[in-house]
Structure formats: structure tokens, C-alpha cells
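What follows is one structure encoded as C-alpha cells, with my remarks underneath.
The values are calculated or read from the model by the stated rules, or taken from the named source; none is laboratory data. Computed from a predicted structure; not experimentally measured. Ideal geometry is used to build each Cβ from the backbone, glycine not excepted, and the neighbour counts take in all protein chains shown. Protein only, heavy atoms only, side chains kept; ligands, DNA and RNA dropped before computing areas. Shrake-Rupley method; radii C 1.70, N 1.55, O 1.52, S 1.80 Å.
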Amino acid sequence: MKRKGTADAGTKKRGNFLHQSLFMPKGLPDGAELAYFVKGQKFIQKLIEGYKQGSGIVCGCCERELSPSQFEAHAGMADRRQPYRHVRTSNGLTLHDIALSLSNGQRITTDIGGDMCSICGDSGDLLFCHECCQAFHPACLNLGHLPEGDWHCANCADENGLGRKAVLGKSSRIARPIVIRLTRVVKAPEFEIGGCAICREYDFSSTTFDDRTIIFCDQCEKEFHVGCLRDSGQCDLKEVPKDKWFCCDDCKRIYGALQSSVSNGVQIIPTSFSNVIRRRHLEKGLFIDEATDCVQWCILSGKSHYPEDLPLLSSAAAIFQECFDPIVAKSGCDLIPAMVYGRSISGQEFGGMYCVVLIVRSVVVSAGLLRIFGREIAELPMVATTREHQGKGYFQALFACIERFLSSLNVESLMLPAAEEALSIWTEKFGFTKMKEQQLMNYQKQLQVTVFKGTSVLVKKVQQIPNNSVNLPDNFPSE
């Protein structure tokens, strides 16, 4: 009996070490959708759901971070004491299954929206890469027939030295990665936001126009009591403005510049930015033609309703959905389209959001979302390059265009939410630093800044450079 007890203890110890790998680097990614299931006589029942964060699981009903055992107890199943065999990911695998797979050398990749072709963006009959799980139309790859066996896209075949046989579909020994779907949740402030920017009170009049009537600035989106505006000497409003209203000359100037940029449409990027793209192409041995010198950029607003802008906005939304985890509000609604088109959804207001895109041969290759909260601060909640064009210098050219534009408006600082794996790139290559908690809290009390759970908020001073030229470092990171 003693010998058996020792063996059981050894098995339990090995199991604990095995399961620890889920919460270590290269383990289960933050944001992985999880749920606790129990087997009934006829079906499997989901009791609670959440997502992986750090060394625990954030419960979807109470927003608390729990250990797997606590998550099991929270589901009312504390007596089972087997959380790793009952907590499952969105693809049906238990945490124990994934831990075993990791110990056998398999890797985890995130769901990249495999229902659309990585080249044209359309759905249909798709061919999936055995290594990276990207999807392609055979016709988009100029394949005359479907390959037999394991098939690898050209990029994965090159990276793994598999050669043409793997591209054409011959079997390989590379283990297929575990595909995990992620949830990127908008983080709600832990305090009440808004209120008058002058008196910091939250009361307002909703039926009559008086001193407690709230007015919103159409650029920085701050709130003001009519009476506080008059008492502070800023302005003396006699009625609710019929047109746009701005709290200061800076906001009025910035709004005018944004509208002018939207109406001006597509512009050729500066030569210095084109040179960066050419250098990247040369480094990678890519073909360079006249299109490299005619890269364009523009600022778009979904609220402007220009027909020619709609395809560009649609392309930008597709890039974000390709490159980012799903971004959802508590209601479960996808926020990416709302952010791109400047809409309000689930209590989130994105009317002040603009979309900045980089265009090559009439195709959007890189896109970013920009919102300027007056002269003091702007935010860049999302920026990405389509996978087909990553590593070619387009991302750095887009970021340079954005920073040059902010510099021309005398905007002082730029903030953005960064995932843990991207922190070093933003801080070491772009010059960002982590924003102090008190500073972030002050912004959140006044502005609807975009913060995602599991990210750190970074900030940098915008380069105020004469002639609006932006210095690009030679070691600027590839996308």
C-alpha cells in the first residue's frame, strides 16, 4: 500500500508540472476562450465560461481571475477536483489534452479567421496550410488541383526547408499546431467616467436648457456644464448649438484639419518614407517597380459617407480582423466594424475615430485607427499590415505618416494599448514607455480611451520636427 501511495504521489506531481506548462511562455495564450463542461446522459453541458489571463482564468460572469481549481469550484463542481479534464477550449480540447500536446512538441497558434482566403479575403472552398493554418483558394494560388496529404503554403515551406514537395502536398513530419480562438475584451474602467471637465460633477439637466445642461466638444469629446463654461469665462451659451461645438481653438483647428484631410483623399507618401520601403524590398530580395515609388496614404472617416472611401474602409476592417484577436464588448458584439466606421455600439462611442490607410496598386496593405483627444493626447488603438505584405516596410511608412500628421497639428503625445508580446517592439524601436497608472486614470475619467484587457497602455511624445519630416531609425522593426 505504501508503494502504491508513493507512485500515486509521483503521478500527481508529474501531472502538476505538466499542467503548469499551460501558463508558461509558449503555453496557452492570454485571451484563449475557456469553459467548464460536465457530461450528462445525452449531452455535454457548459456551466461557466471565461478566458485565460496570466496564471489563471478570468470568469465571464464575475470578471474575477481564478485558478483552475477555483474556476471549477465557481462552476459548482469543487468535489470533482479535476479542472484540467473539464475545462475546455473553443475547439473542444481539455486543458489536459493541450498540456499533453505541448509536452509532445506541438505548438499553439491562434484562430486567424480561417473562413476567408488570405489573398482575396473571400470565403468558399478553401485549402488550409498544415503549419500556419492560413486558408487559400486554390485558384488564388494558381493550383490546378487540390494537393494530396499535408500541404504547406510557400512561406511555411521556405521557413521549414520543406521544398516544393511540401508545397504541392506531400506529407511532412511537422505536427499540426493546436488552433485556439482568442477573445480580446474591451476593459471597462473601474470608476465612473465622464462628468463636467471643469467641476467634475456628474449631474445634468435632460429636459430644459439651464446651467446644468451638458455640452460635448465635437473633437476631444469632453463634457461641460453650460454654467461652468460661463463661470470660467470660456463661453456663454444661450441655447444648444445647432452646428459643431468646440471647447477651444485647438479642438476647432484639429477638427478642421481632419475634415480637410478626409476630403483631400489619397496622397503620395513623402520620398523619405518610400525609401524605407525600397530598402526593405532590397533586403528581402523582392522585386521593385514604379509602384514602390507611388505608395499612397489617406485619412478616412466612416461618417463622411464618401462612396469612394467605402472599399478602403472595408479593406481596413478585413486587415484588423485578420491580424487581431476578436474584440468584443460585454454584449458580445464585435467592435472592429464600429471602430472602423466610427459608430456607437454597446455603450462605446467611436464617432471620433478615423482610419488611416497605406495603399499600393490600389490595394490597402496597412491600416491604423486614430482618435485625437485635442492637442494634449491622441490614441492609436489598432494598427496592422496584412500578412501578405508584412516585412516590406509598409507598417513603418504608415506609422511615420501618422506621426508626421500629428506633429503638423502640434499634438503632444500618442498613446496605444500593447499586448505583452509586442511591448519590446513599441518601447525599444518606437520610443514608447508605459503610462503611469495615475495618468491613465486621469485620462479615463475624462475621455473614452480604448483599453483592452491583457494589454499595457504605452505613451510617447510626438516628434515636433520642422518641415514635418519624421526620422526613421535604420533598425525599424519588420511587421
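Compute the signed sum of charges (Lys and Arg +1, Asp and Glu -1) over the other residues within less than 13 Å, Cβ to Cβ, of VAL411. Mind showing how you got there, number by number?
Details: positive: ARG253, ARG371, ARG375, ARG404, LYS460, LYS461; negative: ASP250, GLU376, GLU379, GLU403, GLU412.
Net of charged neighbours comes to +1.
What are the residues whose amide H is under 5 Å from the amide H of LEU286, where those residues sit 5 or more places off or on another chain and H is modelled from the backbone?
Amide H neighbours of LEU286, under 5 Å, 5+ apart: none.
Using a 1.4 angstrom probe and counting only protein chains, how large is the accessible area of LEU100 in Å², to 10?
70 Å²
May I ask you to derive the FRET efficiency for CYS61 and GLN438 from their Cβ-Cβ distance with R0 = 25 Å, giving the value to the nearest 0.05? Please report the intermediate quantities before stating the final value.
Numbers: r = 30 Å, r/R0 = 1.21.
The computed FRET efficiency comes out at 0.25.
Under a Cβ-Cβ cut-off of 15 Å, what is the net charge of the residues other than CYS217 that fall near it, where Lys and Arg count +1 and Asp and Glu count -1?
Numbers: positive: LYS222, LYS244, LYS252, ARG253, ARG371, ARG375; negative: ASP218, GLU221, GLU223, ASP243, ASP249, ASP250, GLU349, GLU376.
With Lys, Arg at +1 and Asp, Glu at -1, the neighbours total -2.
What accessible area, in Å² to the nearest ten, does a 1.4 Å probe give for ARG375?
Accessible area of ARG375: about 100 Å².
Could you order PHE373, PHE128 by accessible surface area, starting with the largest, using a probe radius of 1.4 Å?
Values: PHE373 5, PHE128 90 Å².
Correct descending sequence by accessible area is PHE128, PHE373.
What figure in square angstrom, to the nearest 10, would you give for the accessible area of SER101 with a 1.4 Å probe?
In the full protein context, SER101 sits at about 20 Å².
Could you please put SER67, SER263, SER206 in sequence from largest to smallest accessible area, using a 1.4 Å probe?
On the way: SER67 40, SER263 70, SER206 100 Å².
Correct descending sequence by accessible area is SER206, SER263, SER67.
Mean separation of Cα pairs under 8 Å and 6+ residues apart, divided by the residue count of segment 20-108: what relative contact order is that in percent?
Values: 143 pairs, mean separation 23.2, N = 89.
Once divided by the residue count of segment 20-108, the mean separation gives 26 percent.
Which entries of LYS26/LYS453; LYS252/LYS303; LYS222/LYS460; LYS303/LYS461 show an alpha-carbon separation above 26 angstrom in the structure shown? Working shown, then result.
Working: LYS26/LYS453 19 Å; LYS252/LYS303 18 Å; LYS222/LYS460 22 Å; LYS303/LYS461 29 Å.
Over 26 Å apart, Cα to Cα: LYS303/LYS461.
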